[in-house]
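*Asks:* My questions all concern the structure below.
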Amino acid sequence: MKKIFGIRSMPLFLGCMGLLFGLMSYVIFKLFNYDRIVYAWMAVIAINIVIWYCMGIIIDRYKQLSYKDSLTGLYNRRYFYEILDIEFKKVKRDNSSISLLFIDVDNFKKVNDTFGHKYGDQVLVKLADILRKETRDVDIISRWGGEEFIVILHDTDIDGSRIVAERLRVAVEKQKFKSNITISIGVTSSDGSISIEKIVALADEALYKAKEQKNMVIVFNPNIIANNC
């Protein structure tokens, strides 16, 4: 609510700033003689530069918040789709590959019911840290929602993505929690020949299969699936 209130108040704030600037101009002409007007205007300009610099920082902060998950600090689903669209265009242009890892925390409802939602949130924050540590800076990690995450692996084929997914699974399995925390991962890759919706659906389907066994990595190769259809 605080973020929304701040964004909605921005036009009012800017309007008040314009009114204040006008009043300051009026006062300058009424109270100062000609020799001092120049210095007064320089002061007004300096004040406005500082104000608008601060406003730029605030606006940039709100922009970042619109793309970030408030709990984990990861990107949200909205940003995921925006960056995936950009990455798909690069893949088609460069004849490279892109992979998705769809990740779900096993039995997370039981974790919340047993240890409480505060502990559940701590688990998600720790998982986000593990994902950051075990992936490259060029890879994009997003919180899909709830206990689900999705990772875009830049310029990575199906074999490379399988290796990364298995590394993530093992890293989480070895991490010490108050409870036994594991993840299931669905993996797929594309050279740009299938749609964004299709690659996300395939990763989701692979995750569904992985969740049937728990603590598992399942890979769906879209090329093999297409050839078998």
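*Asks:* To check you understand DSSP bridge types, tell me what percent of the beta bridges within the stretch 72-179 (both residues inside) are antiparallel, rounded to 5.
*Replies:* 90
*Asks:* Anything over 27 Å Cα to Cα? Flag those among Lys68/Lys89; Lys118/Lys214; Lys109/Lys176; Lys109/Lys133; Lys90/Lys209, in the order listed.
*Replies:* Lys90/Lys209
*Asks:* On average, how much accessible surface per residue is there in the stretch 95-193, in Å², for a 1.4 Å probe, leaving out ligands, DNA and RNA?
*Replies:* Computed with neighbouring chains in place, this is 46 Å² per residue.
*Asks:* Once both labels are modelled 7 Å past Cα along the beta-carbon direction, what's the Ser70-Val170 spacing in nm?
*Replies:* Between Ser70 and Val170, the simple spin-label model gives 3.8 nm.
The values are calculated or read from the model by the stated rules, or taken from the named source; none is laboratory data. None of these values were measured; they are calculated from a predicted model. All Cβ positions, glycine included, derive from the backbone under ideal geometry; neighbour counts span all protein chains shown. Ligands, DNA and RNA are excluded from the accessible area calculation, which covers all protein heavy atoms including side chains. Shrake-Rupley method; radii C 1.70, N 1.55, O 1.52, S 1.80 Å.
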